[in-house]
1. Just name the residue that is nearest to LEU178 (Cα to Cα) out of those in region 246-264 that are open to solvent by 30 Å² or more (accessible area, probe 1.4 Å) and modelled with pLDDT of 95 or more.
2. Among (1) without any contact (Cβ under 8 Å) to a residue 24 or more places away in the chain; (2) under 30 Å from LEU45 (Cα atoms); (3) hydroxyl-bearing (Ser, Thr, Tyr), which single condition is SER240 missing?
3. Which of the residues belonging to region 105-156 are outside any loop (DSSP other than H, G, I, E, B) and small (Gly, Ala, Ser)?
4. Can you name the number of the only condition in (1) open to solvent by 70 Å² or more (accessible area, probe 1.4 Å); (2) at pLDDT 95 or above that GLY27 fails?
5. Considering only residues that are in contact with a Phe, Trp or Tyr (Cβ under 8 Å, 6 or more places away or on another chain) and over 14 Å from CYS191 (Cβ atoms), which ones fall in region 224-242?
6. Among the candidates GLY163, GLY171, GLY177, which residue alone is within 24 Å of the chain's Cα centre (by Cα) and assigned to a strand (DSSP E or B)?
7. Could you tell me how many of the residues in region 76-109 are polar (S, T, N, Q) and closer than 21 Å to PRO24 by Cα?
8. Among (1) at pLDDT below 95; (2) surrounded by 24 or more Cβ atoms within 10 Å (Cβ to Cβ), which single condition is GLY146 missing?
Amino acid sequence: MNKVHAYAAQEAGGKLNPFTYELPALGSEEVDIKIHYCGICHSDLSMIKNEWGMTQYPLVPGHEIVGEVIAVGSEVKNLKPGVLVGLGWNSASCMHCDQCMNGSHHLCSTVEGTIVGRHGGFADQVRGHWSWAIPLPEGIDLKKAGPLLCGGITVFNPIILAGVKATDRVGVIGIGGLGHMALKFLNKWGCEVIAFSSNPDKKEQILAMGATKVINSRNPKELESIAGSLDFILNTTNVSLDWNSYLTALAPQGKFHTVGAVLEPMAIPAFSLIMGEKTVGGSPLGSPALTRTMLEFCVRHDIYPMVEEFPMAEVNAALDHLESGKARYRIVLKV
């Protein structure tokens, strides 16, 4: 039995305190990972508060994990002790359904979340299925790689799904933890990138990240100035907006894609879609294979999130920093 030292919430919204638990015997297709770094995501906050109604307590959050394989089961295919890997929101899938067999493991109906019904990465160890433990490419910056395993693949997947081309003019709504990574991806993709932000103080920093232009999302005239011009818009916010204004900004056959977990129904006028043959879609993260591709793309183009580092022992201060909106732009815990 492996003893794991972690930090856990015992109740909805509770502070995290030291927590120890034991892992059972290692499964034949499982790997144990010694954690070096773990990012903090807004999803961790949502799970701590049980905002999605699926949290089980005690909860050890953390699903942007970077570490080293320390044990492998007898049927593990591609990993051995000492290999550096990343583990994101998902940590297992069935490996036999149509979705898994066609490479869309993240759409498996029984996919297992790293912090849903199991303990995550605010700890010194974590366990997962070998297929979701993604080998890290040589030369990757371990201190900044964790957020790529969740936030990074969340905004990279829509670029692939929408078939975004280097010649496209695109928009990103919300330049925070997710949006600033989307800007960097789309800039290196070759696109002209319009950033929608409600914070004018961020403008110069947003332009430095790769945006071609910054639109004040609270100024109707600025929104009107780009009407009918964007081929693709990615929404990374989790609040209700004037969706029709953004649909109006799309060119004919443009695509609006959301990865922000907006809890209220989105009011989408039918004629805004019909008259321009526009589409609205959404997506979760991405498959293990696409995650490997994204990591290679990041190393090739030196794409990393902006991070602030906290020691694991200061996890509550780090969570408060994130919840207060002060994070610029992702937080990483060092074990």
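The values are calculated or read from the model by the stated rules, or taken from the named source; none is laboratory data. All values reported here derive from a predicted model rather than from experimental measurement. Heads up, the Cβs are rebuilt from the backbone with ideal geometry, glycines too, and the neighbour counts pull from every protein chain shown. Accessible surface areas use protein heavy atoms only, side chains included; no ligands, DNA or RNA. Shrake-Rupley method; radii C 1.70, N 1.55, O 1.52, S 1.80 Å.
1. LYS255
2. (1)
3. Start the filter on region 105-156 by keeping residues that are outside any loop (DSSP other than H, G, I, E, B), which leaves 105-107, 112-113, 123, 125-132, 134-135, 142-149, 151-156.
Passing the criteria: GLY113, ALA123, GLY128, SER131, ALA145, GLY146, GLY151, GLY152.
4. With respect to (1) open to solvent by 70 Å² or more (accessible area, probe 1.4 Å); (2) at pLDDT 95 or above, GLY27 is out only on (1).
5. Matches in region 224-242: ASN235 only.
6. Numbers: GLY163 fails: assigned to a strand (DSSP E or B); GLY177 fails: assigned to a strand (DSSP E or B).
Going through GLY163, GLY171, GLY177 in turn, the sole match is GLY171.
7. Residues of region 76-109 polar (S, T, N, Q): 78, 90-91, 93, 99, 102, 104, 109.
Filter once more, so that each one left must be closer than 21 Å to PRO24 by Cα: 90-91, 93.
Looking only at that region, the number is 3.
8. Checking GLY146 against (1) at pLDDT below 95; (2) surrounded by 24 or more Cβ atoms within 10 Å (Cβ to Cβ), the one that fails is (1).
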